[in-house]
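The values are calculated or read from the model by the stated rules, or taken from the named source; none is laboratory data. Everything quoted here is computed from the prediction, not taken from an experiment. Methodologically, a virtual Cβ is constructed for each residue, glycine included, from the backbone with ideal geometry; neighbour enumeration extends over all protein chains shown. In case anyone asks, the SASA skips ligands and DNA or RNA and just uses the protein heavy atoms, side chains included. Shrake-Rupley method; radii C 1.70, N 1.55, O 1.52, S 1.80 Å.
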Amino acid sequence: LAARSGEAANYLLVGSDSREGLDPADPDAGGFLRDTGCDCTDTIMVLGVDPPAKQAYILSFPRDLYIPISGTGETARINTAHAHGAQTLIDTIQDNFDIPIHHYVEIDFVGFEKLVDAVGGVPMWFDAPVRDRHTGLDIPQAECVVLDGEQARKFVRSRYLEYQDEDGDWRTDPTADLGRITRQQVFVRRAVAKAVSEGLSNPITLNELVSAGVANVSLDEHLDAGDLLSIG
């Protein structure tokens, strides 16, 4: 279902758990318990863009949301729908939430890193030392850190986050995946702000950013660089 150029449209954004291209020594290369990926999409967002109003909205879906998976006759976690194909995930969103999906965008671990590096990293403020021994995230002190692609991937994937209290003890963040969703949305806002600061209004800079995006993400057949430039 494709929207006409210039009209409001919904983009289904998914992050796959493909480890292809990662450094074998990276903790994420094998995942928790050396998992190599299950063709799951733990990050599922719908981005609603309204060009005439110059507004955009993001809705995130928790990975463990248990719903009917369209076309399978099964009820399962929403993050398993992608294993049946992108269209199954699209249909599952549309059938269960009555949200029309006009475009589809998918990115894997390495593509995400390259996209972050294309904007020169994303600044994030940490009010305490944090770590996640499953993804390899390690911020040793409270400070503003410009996360490069690799650090950003470890941050947005973290759902076993720990933070250090004033006594030096490590505390576990109890919010798990819901906390991860919050951090991902904060990261998206910071990333957009960084892209704007890098010169989103400059056609040359914008073209470079979009080109980097198109080279590192999978787009549906109705979406191309020109569409992304017009959105920008």
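Couple of notes before you dig in:
- Among the residues of this structure, Y57 counts as one that is under 20 Å from D227 (Cβ atoms), open to solvent by 60 Å² or more (accessible area, probe 1.4 Å), outside any loop (DSSP other than H, G, I, E, B) and at pLDDT 90 or above.
- Checked against the criterion of being crowded, with 17+ Cβ neighbours inside 10 Å and free of Cβ contacts under 8 Å to residues at least 40 places away in the same chain, the candidates L206, L223 yield just one match: L206.
- Tally of residues being within 18 Å of V192 (Cα to Cα), open to solvent by less than 70 Å² (accessible area, probe 1.4 Å) and not in a loop (DSSP other than H, G, I, E, B) across the stretch 121-174: 11
- Only one entry of I78, I107 meets the criterion of being in contact (Cβ under 8 Å) with a residue 24 or more places away in the chain and either open to solvent by 20 Å² or more (accessible area, probe 1.4 Å) or in contact with a Pro (Cβ under 7 Å, 6 or more places away or on another chain) (or both), and that entry is I107.
- Search result, residues across the stretch 30-52 that are more than 22 Å from A81 (Cα to Cα) and at pLDDT 80 or above: V49, D50, P51, P52
- Within the stretch 66-120, tally of residues that are touching a Phe, Trp or Tyr at 6+ places or on another chain (Cβ under 6 Å) and part of a loop (DSSP other than H, G, I, E, B): 0
- Taken across the stretch 177-185, residues that are assigned to a loop (DSSP other than H, G, I, E, B), modelled with pLDDT of 85 or more, at negative phi and buried (at least 19 other Cβ atoms within 10 Å of the Cβ) do not occur at all.
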